[in-house]
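Quick notes on the structure that follows.
Every number here is computed from the coordinates shown, using simple stated rules; none is lab data. Because the structure is predicted, anything quoted here is derived from the model rather than measured. Here the Cβ is made from the backbone with ideal geometry for all residues, glycine too, and neighbour counts use every protein chain on show.
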Amino acid sequence: MSIETANPEKKELGKKILKGFLFGIMAGCLMLLIGRFYPPALAKAREIAAWGLDPFAQVFLRLLFMVVIPLVFCSLAQGIVQLGHLRELGPLAGRTGVMFALNMSVGVLLALVAMNWIQPGMHLSPETRGLLMSQFSSEARHAADANLAGGSFSPSSLVRMFFPPNLLRAVTDFEVMPLILFSLLVGAAGTQLPEGKRARLEEILEMGSEIMTRIVGFAMQLAPYAVPAMIFSILVKAGLEILATLSLFAAVVLVTLAMHLFGSMSIFLKFLAHRSPTAFFLTIRDVLLTAFGTSSSSATLPTALRVAKEDLGVSASTAGFVLPLGTTMNMSGTALYEGSVVLFIAQVYGVDLSIGQQVHLLVLSVLSAVAVAGIPGGSLPMIAGLLMAFGVPPEGLAIIFGMDRVLDMGRTACNVGCDMATTCIVDAQVNRS
């Protein structure tokens, strides 16, 4: 499982992407202003965007789409294999796994409720939505077909969802659930192998995950140039209305992250660990600030371990197990963000996801968040896979990508804060048993 690395290159890339995003906004706004006085200039800018900027941006996006399947498989299978023999991990691992799943599930549920209530993607005019739909006409038709094909729920449909008759065909059609289930089964079977073979399997999966992560890294080298191209193209075609929609989306995500961290975790701490939430968050404020400032869970790990053991009084064995594992597996903020993005882009393109599909999205967001690579843009291939799974045009990622760097700080703080809360809860439960 890839772990986030806080290094100057990552920070520098993040700054370049943010600068590119701001440049794209300024250039797009300037062109819209010029177009009000000289419409032919705006028409020419749209032509340049369609014939030059959009194809370049597509190279960047499709490099990300390429790695979805192998990255999900290698990352998830490796995450299970590296745990070792499951039966030997005992109650500590069981309680930790349950809390990780609960944290992420509650986070995604909050995201879905907020997105359905505020509906930031629905604040576009019919003309703007129609323009975006026509830009990705083939994907939009596929979205409509997939939405109609959702059908009614039945036990048989549930079996087909998890166990397709042809795994390869299901994977090529971007049915993510069979791929995730197969990955988990491979990982679980791998833990039953003799130690030497298990270690070799883990090494192979780690190598595959690292290769896919490096391909994402290649794509990210294009990001400082692809992002301004994408945002400029969207602005000259859709106008300033898209900026207002993006700002609302970002606000909803940040508020939901704060609600999950300071709301959900406070309830868990109060009733499951019998701790004062106020005292807890005051104690871990340095951890949260470090996570927010570095956008890196692993960079925050040394501080998190020290605070957990010295200030929160968590046993060294619990902190040493839960916090490093949480750095790669307890991605509450990331899962929340993935669910938010999928529902937002679905709203933008007029794809109506039923309650059943949103429950499906909740499960997939939790599972896929575990497989996110700890690099800039690491969540994008997973989100692309989720979009494809629900028939939403994955090119819609172009709309939100420029905001990703800003929201990444909030996601990381939420991830780390939930890790700290989980550590206290698991420690309290293990000590009581």
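Could you check which residue among ASP352, ASP419, ASP408 shows the biggest mean-square fluctuation in a GNM of the chain with a 10 Å Cα cutoff?
ASP352
For region 8-432, with the dipole built from +1 on Lys and Arg beta-carbon atoms and -1 on Asp and Glu ones, taken about the Cα centre, which of PRO39, ILE80, SER247 lies farthest toward the positive end?
Final value for the positive-end residue is SER247.
Tell me the mean residue ellipticity at 222 nm calculated for the chain from its helices only (DSSP H runs of n ≥ 4, each -39500 (n - 2.57), averaged over every residue, nearest 500). Can you show the working numbers first?
Values: 21 runs with 334 residues, N = 433.
Rounded to the nearest 500, it is -25500 deg cm²/dmol.
Residue farthest toward the positive end of the dipole of the chain, with Cβ of Lys/Arg at +1 and Asp/Glu at -1: which of SER266, TRP51, THR128?
SER266
Residues of region 192-229 with backbone nitrogen within less than 18 Å of a virtual label 7 Å along the Cα-to-Cβ line of CYS29, please, listed as ranges.
Only 228-229 fall inside the zone, counting backbone N under 18 Å.
Which one is right for this structure if semi-axes √(5λ) of the Cα gyration tensor in Å is calculated from it: (i) 37, 25, 21; (ii) 33, 29, 22; (iii) 38, 32, 21?
Computed from the coordinates, semi-axes √(5λ) of the Cα gyration tensor in Å corresponds to (i).
Describe numerically, in nm with one decimal, the distance between label points set 7 Å from Cα along Cα→Cβ at ALA258 and at HIS123.
Result for the modelled spin labels: 1.6 nm.
Using alpha-carbon pairs under 8 Å, 6+ residues apart, how would you state the relative contact order of region 8-432 in percent? Working shown, then result.
Numbers: 567 pairs, mean separation 146.6, N = 425.
34 percent.
List every DSSP H helix in the chain whose Cα atoms extend 15 Å or more along the helix's own long axis and whose mean Kyte-Doolittle hydropathy is at least -1.0. Can you show the working numbers first?
Numbers: long enough: 8-37 (44 Å, 0.61); 54-66 (18 Å, 1.12); 68-81 (20 Å, 2.14); 90-118 (43 Å, 1.34); 137-148 (17 Å, -0.73); 176-190 (21 Å, 2.21); 195-238 (58 Å, 0.55); 241-259 (27 Å, 2.23); 316-329 (19 Å, 1.06); 332-348 (24 Å, 1.16); 355-370 (23 Å, 1.63); 397-432 (49 Å, 0.55).
For the chain, where a helix must reach 15 Å along its axis and average at least -1.0, the hits are 8-37, 54-66, 68-81, 90-118, 137-148, 176-190, 195-238, 241-259, 316-329, 332-348, 355-370, 397-432.
Per 5 Å bin, what percent of the C-alpha pairs of region 214-334 does each bin hold, from zero upward?
2, 9, 12, 17, 18, 12, 9, 8, 7, 4, 1, 0
Most mobile of GLY239, GLY391, GLY121 per a Gaussian network model of the chain (Cα springs, under 10 Å)?
Its mean-square fluctuation being the largest, the pick is GLY239.
For the chain, modelled as a Gaussian network with Cα springs under 10 Å, which listed residue fluctuates most, VAL159, VAL186, VAL366?
VAL159
Among LYS19/LYS237; LYS197/LYS270; LYS15/LYS237, which pairs are too far apart, with a Cα-Cα distance over 32 Å? If you can, show how the numbers build up before the last one.
Details: LYS19/LYS237 21 Å; LYS197/LYS270 44 Å; LYS15/LYS237 26 Å.
Violating the 32 Å limit, Cα to Cα: LYS197/LYS270.
Please get the size of the charge dipole for the chain, origin at its Cα centre, with Cβ charges of +1 on Lys and Arg and -1 on Asp and Glu, quoted in debye to the nearest 20.
320 debye
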